[in-house]
Amino acid sequence: MSEGNQMVESPKIDVRVFRLTPEMDEPKYEAFEVPKLPKMTVLDALEYITEEIGRDIAYRSSCGIAHCGQCAVSVNGERVLACLHMIEEDKITIEPLPNFPIIRDLVVDFDRRRNETQKHLHLIRNKDMEQFPEKIDPTQMEKVIDFSQCIECQICQGVCPIIPGYMEWPGPSHFSWVSRFNTDPRDGGKNNRLNNIGNELWYCSNCNSCVNDCPWEIPIRDGINELRSQVIETGFLPKALQDSLESTLTSGSPYQGARKKRNQWISAGEEKAFSDSKKTLYFVGCTSSYDTRAQEIPKALVKIFDKANIEIGILDDEETCCGGPIKNIGEIGLFEMLKDENIKKFNDYGVENIVTHCPHSFNTFKKDYLEGEGDYKIYHH
Ligand code: SF4
Ligand code: SF4
Ligand code: FES
């Protein structure tokens, strides 16, 4: 480009592309220089490399408008749709979507995953309706519509941390589709699908990465938890989970430990029982109360509180599970019971601040205990 007599260099992007063909022994990265244009997408860069530079890179695309779900790749480690992701950086590395076998360059093999999903869904199954056309609750249909937005791009599969350790796991894209059908009030195949899923639902750690990266923000994690609730309703619960729920109901913790052993990590003479004069509650949580390795955390934290002259109290054997894991299992009734019990206890003791080192308790108190139900602030350590 020239400006007066001076040549002005147009900005460029350094694009590194992952290459692997059946003829190659191992993958390599090939570097290209691509002119940087306003609102340029990753797909634009790939098209420039193939059409203008003339390199035969294999990648998928079709619609160009985030609808066909073909173009998912990894860009600088982030899972994105190539047609949607604008290039802001001066250097990018484009790689195939992780957690799938690579066919060639950026093209991965979706077939096994998609075939498996199709095999188990069988579309909507008619159920005997009391009247036809059916009466449908609009709020229920909103959920169906949410899940129907799925474009099967498989980004959620590419980001899920469970899959690298368990490649055969059906994963979030499968559960998103099961949720689409199992939330549909017209469907009569719910139990059949739950039977097909078996114990697979319980592998999800509820990390929410799939939702964060889904281009259509499909509430996959909520769907998985709703499916878990449906499993609980049918009574097909694995024995270990049944025991944990039973233990939470009877002794306030899924760890199946006696309630009076909840403060066993405290040395004799160093008790920190909560009292009316104290305002800050240290909520220890179930894992650190019963798991001997995790007990090192409250021991160390209490020393830090002492050094910092922060007066804290604990609830000893009155502490009850925050309910976070119970909600994630899908036992919403038990979760609500634990929540009410805890809020009442915090209010009765006049707790003003709650400190917890447990990320699950922190998240549960902060997000799932409704604001305004208790007059206290929640802090992480
Ligand atoms: S749920 Fe979202 S990320 Fe997963 S396949 Fe569907 S659209 Fe893609
Ligand atoms: S919430 Fe569950 S399905 Fe989604 S990424 Fe995390 S572990 Fe995977
Ligand atoms: S090309 Fe269709 S979603 Fe990207």
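Mind listing whichever residues of the stretch 210-246 are small (Gly, Ala, Ser) and crowded, with 19+ Cβ neighbours inside 10 Å?
Scanning the stretch 210-246 gives Gly223, Ser244.
Among the listed residues Ile145, Ile197, identify the single one that is farther than 27 Å from Leu81 by Cα, assigned to a helix (DSSP H, G or I) and of a type in the set (A, V, I, L, M).
Selected residue: Ile197, the only one of Ile145, Ile197 that is farther than 27 Å from Leu81 by Cα, assigned to a helix (DSSP H, G or I) and of a type in the set (A, V, I, L, M).
For the stretch 163-173: of the residues being in contact (Cβ under 8 Å) with a residue 24 or more places away in the chain and out of contact with any Gly (no Cβ under 7 Å at 6 or more places or on another chain), which is nearest to ligand 1 (Cβ to nearest atom)?
The qualifying residue nearest to ligand 1 (Cβ to nearest atom) is Ser173.
Look at Glu95 and say whether it is more than 30 Å from Leu194 (Cβ to Cβ), of a type in the set (D, E, K, R) and assigned to a strand (DSSP E or B).
For Glu95, the condition - more than 30 Å from Leu194 (Cβ to Cβ), of a type in the set (D, E, K, R) and assigned to a strand (DSSP E or B) - is met.
I want to confirm something. Restricting to the stretch 174-192 and keeping residues that are among the charged types (D, E, K, R) and more than 14 Å from ligand 1 (Cβ to nearest atom), which single residue is farthest from Ile224 (Cα to Cα)?
Within the stretch 174-192, the match that is farthest from Ile224 (Cα to Cα) is Arg186.
Pairs needed: first member in the stretch 237-261, at pLDDT below 90; second member anywhere, in a loop (DSSP other than H, G, I, E, B); C-beta distance under 7 Å; at least 6 residues apart or different chains.
That search, which allows pairs on different chains as well, returns Arg259/Gly252.
Taking only the stretch 137-155 into account, find how many residues are open to solvent by less than 50 Å² (accessible area, probe 1.4 Å), away from ligand 2 (no atom under 16 Å from the Cβ) and in contact (Cβ under 8 Å) with a residue 60 or more places away in the chain.
1
Could you run through the stretch 60-94 and say how many residues are closer than 18 Å to Gln157 by Cβ and either open to solvent by 50 Å² or more (accessible area, probe 1.4 Å) or not assigned by TED's automatic domain parsing to the domain that holds Pro11 (or both)?
Within the stretch 60-94, residues that are closer than 18 Å to Gln157 by Cβ and either open to solvent by 50 Å² or more (accessible area, probe 1.4 Å) or not assigned by TED's automatic domain parsing to the domain that holds Pro11 (or both) number 5.
Residues in the stretch 47-57 that are surrounded by 16 or more Cβ atoms within 10 Å (Cβ to Cβ) and either part of a loop (DSSP other than H, G, I, E, B) or within 8 Å of ligand 3 (Cβ to nearest atom) (or both): how many?
Adding up the residues that qualify gives 1.
When you go through (1) farther than 30 Å from Phe181 by Cα; (2) open to solvent by 70 Å² or more (accessible area, probe 1.4 Å); (3) assigned to a loop (DSSP other than H, G, I, E, B) one by one for Arg16, which number turns out not to apply?
(3)
For the stretch 208-222, state whether one or more residues are touching a Leu at 6+ places or on another chain (Cβ under 8 Å) and either within 16 Å of ligand 3 (Cβ to nearest atom) or not in a helix (DSSP H, G or I) (or both).
Yes: one or more hits.
Identify all residues within the stretch 19-34 that are open to solvent by 30 Å² or more (accessible area, probe 1.4 Å) and not in a loop (DSSP other than H, G, I, E, B); write none if there are none.
Lys28, Tyr29, Glu30, Ala31, Glu33
Does Cys207 qualify as being loosely packed, with under 15 Cβ neighbours inside 10 Å, within 20 Å of the chain's Cα centre (by Cα) and assigned by TED's automatic domain parsing to the domain that holds Trp169?
Spelling it out, Cys207 is indeed loosely packed, with under 15 Cβ neighbours inside 10 Å, within 20 Å of the chain's Cα centre (by Cα) and assigned by TED's automatic domain parsing to the domain that holds Trp169.
The values are calculated or read from the model by the stated rules, or taken from the named source; none is laboratory data. Just so it is clear, the model here is predicted, and its values are computed rather than measured. Glycine also receives a Cβ, built like all others from the backbone with ideal geometry; neighbour counts cover every protein chain displayed. For the accessible areas, the whole protein counts, side chains as well, though only heavy atoms, and no ligand, DNA or RNA atoms are used. Shrake-Rupley method; radii C 1.70, N 1.55, O 1.52, S 1.80 Å.
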